[in-house]
1. Report the net charge of residues surrounding A:Gly65, where surrounding means a beta-carbon distance below 14 angstrom and charges are Lys +1, Arg +1, Asp -1, Glu -1.
2. Which one, A:Met132, B:Thr4, A:Gly339, is farthest towards the positive end of the dipole of the protein assembly as shown when Lys and Arg carry +1 and Asp and Glu -1 on their Cβ?
3. Output the peptides A:21-27, A:11-17 sorted from most to least packed, where packing is the average of other Cβ atoms within 10 Å over each peptide's residues.
4. Using the structure shown, select from A:Lys351/A:Lys437; A:Lys449/B:Lys132; A:Lys245/A:Lys437 the pairs with a Cα to Cα distance greater than 26 angstrom.
5. At a threshold of 8 angstrom on Cα-Cα distance, excluding pairs fewer than six apart, so keeping six or more, what relative contact order does region A:366-475 reach in percent?
6. With label points built 7 Å along Cα→Cβ from the Cα atoms of A:Asp127 and A:Arg441, find their separation and express it in nm.
7. Using a cut-off of 11 Å between beta-carbons, work out the net charge of the residues near B:Val66 (Lys and Arg +1, Asp and Glu -1, B:Val66 not included).
8. Can you tell me which of B:Gly75, B:Gly114, B:Gly20 moves the most in a GNM of chain B? Springs connect C-alpha atoms under 10 Å apart.
Amino acid sequence: MTAMLTSGIVVNGYRDMATRLPVARVPVCSELVLPLQQHIGTPAEPVVGSGDRVVRGQLIARARGFVSAGLHAPVNAVVLGIECRPVPHPSGLNGLCLVLAAEDGADWGSAGPEVVDPNSIAIPEPDIIRMMVRQAGIVGLGGATFPTSVKIKSGMSQPVDTLIINGCDCEPWISCDEMLLRERPGQVLAGCHLLRQSLAADRCVLAVEDDAPEMVAGLQQVIADCNSPVRLEVLPARYPSGSEKQLIHIITGKEVPSQGLPVDVGAAVYNAGTAAAVYQAVVHEVPLISRLVSVSGPGIGRPRVVEALLGTPVSELLRFCGGRTADANGLIMGGAMMGLGLASDEIPVTKGMNSILVTTPAMSQDAQGEMPCIRCGECARVCPARLAPQQLLSLIRNGDLEQAQQRWALEDCIECGCCNAVCPSHIPLAGYYRYAKGEIRKQGKARVKAQQARQRYEFRMERIERAKREREEKLRKKKEALQAANKARARAAMAEEARSFEDEM
Amino acid sequence: MFLTVLVFALIAVVAGALLGFVAQRYRVEGDPVADRIDALLPQTQCGQCEFAGCRPYAEAIAAGEVEINRCVPGGDAVIVELATLLDRDVVPLAEEGIPPPPMVAVIREEHCIGCTKCIQACPVDAILGRAKRMHTVIADECTGCELCLPPCPVDCIDMVTVPETVDNWHWPRPDELSA
C-alpha cells in the first residue's frame, strides 16, 4: 500500500527547470543586510554596534526570549549600522536590519560541500545537540522559520516515535530540497541521525515525492550503501504533501488535532535543509549563515538552485542566474501557490527564503474577476485540512469572524491555496482566510489593550478616591484637634473666671 | 376552610423565608449588566460620550438613561454588539463621521515646561514626569483619548496615528483590495 494524500490537487511541479545545473555559490557581495526578524518569535537583539569588525560565524544578534533565534555574520565584515530596510514581508514595509560591509577579499571560506558518511559521525548527548542548534541560530528552512531548538525541546518533553524528514519541495517551481538531496544526501542523513538521537525517536522516515526520479534513485543508492536505518518513503506527487500536518497524516495515518502540535500524535517533522544545517552546526560548529535558494520561473535566464549567504540582495541572485528575460514582470518569494509578491529586488536573502520565482505575463491568470459562489463543493473536496471553505467564506464576508474561528476551525487553514485553484468562480478564498486570521489577531490584541486600560483607569479612580478620603480624614482630625484645644482653652478661661470671682467674694 | 388558609399561609411564610435567605446568600456584588456592557466598550476613557469614562457610560446604559450610540472610538461595531447584548435596535452614531484611526499622544519634549497638568488629565496614567521635569507618554498605554491636549499650556502635545509596521500589519480583505 502506498500512502498518499487523498485531498489536495495535482499540479505541474516544474521540477526539471532549476535542476539541470548543479548548485552554485553566489559570490560574496559588498553589502549584506540581515533583518533582525528572520524567524517566528521575538526579533533577535543586536550585540554589535556600528563600526565593529566581525568575523565569519560570529554572533551579531542574540536570541531574545525562548522562541527566538540568533544571527551570525556570514563573512568577515564591518558593521555599517542598524537601519530600517525593505524586508521579505507581504506588506512591503521596512524592518530593522543589521547592515554589514564585507571586507575586501571576504569569501565563502575554503571548505566546500563535502561528502559525508552519516554512520561515521560522533553523536553528542541530546541536550548538547539542542544547545548547539540554538547557538547556531537554526530555524525551519522549509519556509516556516520556527526556531529548531524550540521544536527539539517540545519533542523532548513528550515522546516522539516517528521523526519525519521532509524532502518534498513544498510548492511547484521550488527545487532546493531536491538539489540538496541529490548533491548532499550524506549531510541530510547525518542530520537525521542527530535529530533522531536528540528526540529519542524510534524510527526516522525521509519523505520525498516521485516526480524527481534521479533524486529518488540516488537516495536509494546512498541509503543502501551506508546501510542507514532511515526509511525512504516515496510519495506520489500531489500538492500539498509537503505540508507538516498533511505529511504526518500520510506517513503515520494519525491526524494532528485541531490547534494541536505534531508531538501530540508522537511525530516531529523537520525539513531536509534543516537536517543538513543541524549536521553543520553540531559536527562542524558552523552556524546558519547561508541557505539554498531555488531561482526559477519562466522569466529568468538560467534557472538553477544557488547557495547564497544570508543578507545577499535578491538582485545579485538574479544577476548570477543570467538576469531577467525581456518579458519578466514580477518577483515571487516562495512558490506559485502561496508565494509572496516582492515589490523590489533589493530585498535580502533570509533564513526562510527557499525560492525566488520570476514570473511572466503568461503565468498570471488573475484577469478573471470574482464571481458569486455556486456552492459546487470543489473547495471542500480538495481542502487538505478538511475544512468547509464555503461556509468559512460566507461567515467571513458577513463579518462573523468569531463563529468562523470557534465553530469552523479557521485557524487550521494552512493557506495552501488549493481552494483558489479549483474554484470555478475565481474566488480568492485563501485570501479571505488570511485576512480573517489577521483581523482576529488584531481584535484579540485590542481586547488585551482595552483590558489593561480598564485596569489602569480603575486603579487611578481608586487612587483619587483614596487620596480624597485621606485628605478628608486629615482635615477632620485637624478640626477635632482644634476643637479640643478650643474647648480646653474655654474651660481654662471659665475656671480662671470662676477663681477670680471667688477671690472677689 | 381554616386548614386551607393555614396551609397557604404556611407556604407563603416558607417561600418568603427561602427567598429572603437566597437573596442574602447569593447576592451579586455590583451590576452584572453594567459589567458586560463595560466589557464591550473600548476603554479609551475619552469622555466623548459625555461621561467621565467607559464605566460610568456603561452604568448609565444599564440604567436605561442613555442611548447606546455615544461611543465614538467604538463606532458602529460597538453599537451592534451593544444592541445584540441588550436586545435593542441598532441606531446610528450620535456624532457625525467615521471613527478616527487609532492615535497616540506624543509630547514635544523640548517644549514641555513640566507643569504636570497633562499627567493629572490622563485617565489611564500613561504620562510619566514630575513638576519642572520633562514629561513623556508611554505609547503602549496611551488610548488616544486626547484629554491631555486642552490642559497643556504650551500646546506641546500632538496626536499621531499609530504607524503601520511589520508587527501590526495584516492582509487586507480581497474584495477591498480590488475596490
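Bear in mind that the values in this text are calculations on the coordinates, not laboratory data. Model, not experiment: these values are computed from the prediction. Here Cβ is always computed from backbone atoms with ideal geometry, including for glycine, and neighbour counts include all displayed protein chains.
1. That works out to +3.
2. B:Thr4
3. Result, highest mean first: A:11-17, A:21-27.
4. Long pairs (Cα-Cα over 26 Å): A:Lys449/B:Lys132.
5. Relative contact order comes out at 25 percent.
6. That separation, rounded to one decimal, is 3.4 nm.
7. Details: positive: B:Arg70; negative: B:Glu50, B:Glu59, B:Glu65, B:Glu67.
Summing Lys/Arg as +1 and Asp/Glu as -1 gives -3.
8. B:Gly20
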